[in-house]
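Some notes on the structure that comes next.
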Amino acid sequence: MIKVLINGCNGRMGQELIKEIDNFENLLLLAGFDRNDTGKNTFPVYSKIEDIKEKPDVIVDFSVPIASLNILKYAINWKIPLVIATTGFSKENIDEIQKASQHIPIFKSSNMSYDISLMKKIVMEVAKALNNCDIEIIETHHNKKIDAPSGTAISLADSINSVLNNNMNYVFDRHNSHEKRTKNEIGFSSIRGGNIVGEHSVQFLGQYETFEIKHTSYSRSVFAEGALKAAEFISKQPKGLYGMEDLFKN
């Protein structure tokens, strides 16, 4: 039985993980970590790392960057494998995570959906075939999401950029720009509102045609399921940095 600690257990995704973990026969919810305990959980919840009594086999982090980096130090100290599903990291944060992976196994993905992993492969192939098109990424999320553009939108752009010799510039705001669009741009549009789980669209816009690839998530449970599959996977790996492509090789 793999014992799991959930970082950010009282957040939306933390609560989804709690519901979903019962569907995994070899995972046991050991404890949670969050800055506030709602008192509604049936397992120990800690707000101070030094108070954690249990020793998990793996940590699943669905929180915010500052909380992720906090639990990262704990994971390194105790040599605990870590799943990071949080988004909104700075370049410096990502560098810190990469350095930490020299000491412990870390699974990091901005989106835990298999379909999004497949979408990345598809947009890479389309980008190679339609390399004269303008490329725009549109993403829509609920009104409580604090980072924009989404980590998934960035990862889709990174996948496209990787097959275009990394020559593309990312444009997040055209409000103050009074110039024509250049060919080596990937533009981003972010929409926030309501309770939309997540929607990502990549548009390849040509002179006479537009080719669009779109993915819509209707339930957060798909991300919880993916994160828990990642927990099963990373608990058995040597130190290093892993992602969705590693999970779906198995």
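Values computed for the structure shown
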| read-out | value |
| --- | --- |
| Hypothetical label at Glu125: residues of the range 172-205 whose amide nitrogen lies under 18 Å (7 Å Cα-Cβ projection) | 202-204 |
| Accessible-area value, Arg181, 1.4 Å probe, nucleic acids and ligands omitted, Å² | 80 |
| The chain: most fluctuating residue of Pro238, Pro105, Pro56 per GNM, C-alpha cutoff 10 Å | Pro238 |
| P(r) of the chain over all Cα-Cα pairs, binned every 10 Å from zero, in whole percent | 7, 30, 33, 20, 8, 2, 0 |
| Part-to-part distance (alpha-carbon centres) for the range 153-202 and the range 11-72, which is given in Å | 33 |
| DSSP-defined beta bridges in the chain - what % are antiparallel, rounded to 5 | 35 |
| Computed over the chain: relative contact order in percent, which uses C-alpha pairs under 8 Å that are six or more apart | 22 |
| Net charge, Lys144 excluded, C-beta distance under 13 Å - Lys, Arg +1, Asp, Glu -1 | +3 |
| C-alpha long axis of helix 91-100 to longest principal axis of the chain, angle in ° | 40 |
| Antiparallel %, DSSP beta bridges [both residues in the range 117-250], to 5 | 60 |
| Expected 222 nm ellipticity per residue - DSSP helices of 4 or more, -39500 (n - 2.57), all of the chain, to 500 | -9500 deg cm²/dmol |
| Contact order relative to length of the range 47-181, as percent, for alpha carbon pairs under 8 angstrom and 6 or more apart | 20 |
| Candidate residues Met13, Met1, Met112: accessible-area rank, largest first, probe 1.4 Å | Met1, Met13, Met112 |
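The values are calculated or read from the model by the stated rules, or taken from the named source; none is laboratory data. Keep in mind the model is a prediction, meaning the values are calculated, not measured. A quick note on method: Cβ atoms are made from the backbone with ideal geometry, for glycine too, and the neighbour counts reach across all protein chains shown. In case anyone asks, the SASA skips ligands and DNA or RNA and just uses the protein heavy atoms, side chains included. Shrake-Rupley method; radii C 1.70, N 1.55, O 1.52, S 1.80 Å.
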